[in-house]
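Engineer: Sending over a structure as structure tokens; questions will come in a sec.
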Amino acid sequence: MRATKILTAEHDIILQVLASLDRAREKMEQGLRPSPDFLAKSVTFAQNFADRFHHFKEEYLMFGLLAEKKGGLLDLHMGVLRYGHELCRGYIREISQVLDAYAEKDEMAAITVLSSIAAYTAVLRHHIHTEDRLFFPMVEKTLSDDEKEMLMAQFHKESATKDAATFRLYQDMSHEIASLLETGG
Ligand SMILES: [Fe+2]
Ligand SMILES: [Fe+2]
């Protein structure tokens, strides 16, 4: 499997959670409140899977290799994508910081959650679109076959033993998040 294919498959799981967060935002716009459990699980997913597991592979392995092999060729694109990761980390941090107050029905916390969810889903969906449609195809064209193999080897070295299990774990978590929203649990 190609490295970009792995990243795109991970995007599909992230997009499932973004769909749940979209529905949560719509409910909040109507004055409803998704449960604190739904929010807490979404934050865990965003921090552990989207950020630590997925963005780590992009930033430290893929961008690292591109910077080393291709000089400044893709620096601007990588800078924009890195900025997207940073913004997303910030939105999730904002939600996590007000979770306790949200559970206590604090109105300001609810507004913070609403605005952070809206920004997170918009920025991350745009980011994933850019990677899948523009950046990854450009990476495929730019890297030689040997370099692609090197990247794949780095992906394996980093996470081969935990990849399949982690993938399944977070796929299950994305379903759990969707049902927590529907059941209000
Ligand atoms: Fe990314
Ligand atoms: Fe990505």
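Engineer: Positive end of the dipole of the chain, charges at C-beta (+1 Lys, Arg; -1 Asp, Glu), about the Cα centre: which of 175, 144, 55 has its Cα farthest in that direction?
Structural biologist: Farthest towards the positive end: 144.
Engineer: Build a GNM of the chain with springs between Cα atoms under 10 Å: which of 32, 66, 74 gets the top mean-square fluctuation?
Structural biologist: In the Gaussian network model the winner is 32.
Engineer: Mind checking the angle between helix 75-103 and the chain's longest principal axis? C-alpha axes, 0 to 90 degrees, to the nearest 10.
Structural biologist: It works out to around 20 degrees.
Engineer: Once fully extended, how much extra length lies between residue 96 and residue 82, figured as 0.36 nm per residue of separation less the alpha-carbon to alpha-carbon distance? Show your work: numbers first, answer last.
Structural biologist: Numbers: separation 14, 0.36 × 14 = 5.04 nm, distance 2.12 nm.
Length gained between residue 96 and residue 82: 2.9 nm.
Engineer: Taking the 0 to 90 degree range and rounding to the nearest ten, how far is the long axis of helix 107-130 tilted relative to the main principal axis of the chain, both from C-alpha atoms?
Structural biologist: 20 degrees
Engineer: Taking region 16-120, how many lysine pairs are there with alpha carbons less than 30 Å apart, if each pair must be eight or more places apart or span two chains?
Structural biologist: Close lysine pairs found across region 16-120: 6.
Engineer: Around residue 70, what is the net charge, scoring Lys/Arg as +1 and Asp/Glu as -1 over all other residues with Cβ under 12 Å from its Cβ?
Structural biologist: Around residue 70, the charge tally is -1.
Engineer: Still on this model: At 0.36 nm per residue, minus the direct Cα-Cα distance, what do residue 60 and residue 48 gain on full extension? Give it in nm, one decimal, please.
Structural biologist: Residue separation times 0.36 nm, minus the Cα-Cα distance, leaves 2.7 nm.
Engineer: Separate question: Just from its helices, what would the mean residue ellipticity at 222 nm be for the chain, if runs of 4 or more DSSP H residues each count -39500 (n - 2.57) and the sum is divided by every residue, rounded to the nearest 500 deg cm²/dmol?
Structural biologist: -26500 deg cm²/dmol
Engineer: Here is a further query. Give the peptides 42-49, 83-90 in descending order of average Cβ contacts within 10 Å, highest first.
Structural biologist: 42-49, 83-90
Engineer: Given the whole protein assembly as supplied and a 1.4 Å probe, what does the accessible area of residue 29 come to in Å², nearest 10?
Structural biologist: Estimated to the nearest 10 Å², residue 29 gives 110 Å².
Engineer: Next question, about the same structure. Does a label point 7 Å from the Cα of residue 119, set along Cα-to-beta-carbon, have any residues of region 64-94 with amide nitrogen under 18 Å, and which are they?
Structural biologist: Only 80-94 pass the distance filter.
Engineer: Turning to a different aspect of this structure: Quick one: ranking 68, 182 by accessible area, 1.4 Å probe, largest first, what do you get?
Structural biologist: Greatest to least solvent exposure: 68, 182.
Engineer: Follow-up question, since we're still on this one. Starting from the Cα-Cα distance between residue 142 and residue 111, subtract it from 0.36 nm times their residue separation and give me the gain in nm to one decimal. The partial results should precede the final answer.
Structural biologist: Numbers: separation 31, 0.36 × 31 = 11.16 nm, distance 4.36 nm.
Computed gain between residue 142 and residue 111 is 6.8 nm.
Engineer: Charges at C-beta only: +1 for Lys and Arg, -1 for Asp and Glu. How large is the resulting dipole of the chain about its Cα centre, in Debye rounded to 20?
Structural biologist: It works out to roughly 160 debye.
Engineer: Between 138, 173, 62, where does the largest GNM mean-square fluctuation fall for the chain, given springs only between Cα atoms within less than 10 Å?
Structural biologist: Among 138, 173, 62, the largest mean-square fluctuation in the Gaussian network model of the chain belongs to 138.
Engineer: Straight-line reach only, C-alpha to C-alpha below 13 angstrom: list the aspartates and glutamates that residue 148 could link to, leaving out same-chain residues fewer than 8 apart.
Structural biologist: Partners within reach: 140.
The values are calculated or read from the model by the stated rules, or taken from the named source; none is laboratory data. Here the structure is a predicted model, which means the values were calculated and not measured. Reconstructed Cβ throughout: ideal geometry from the backbone, glycine too, with neighbour counts over all protein chains shown. For the accessible areas, the whole protein counts, side chains as well, though only heavy atoms, and no ligand, DNA or RNA atoms are used. Shrake-Rupley method; radii C 1.70, N 1.55, O 1.52, S 1.80 Å.
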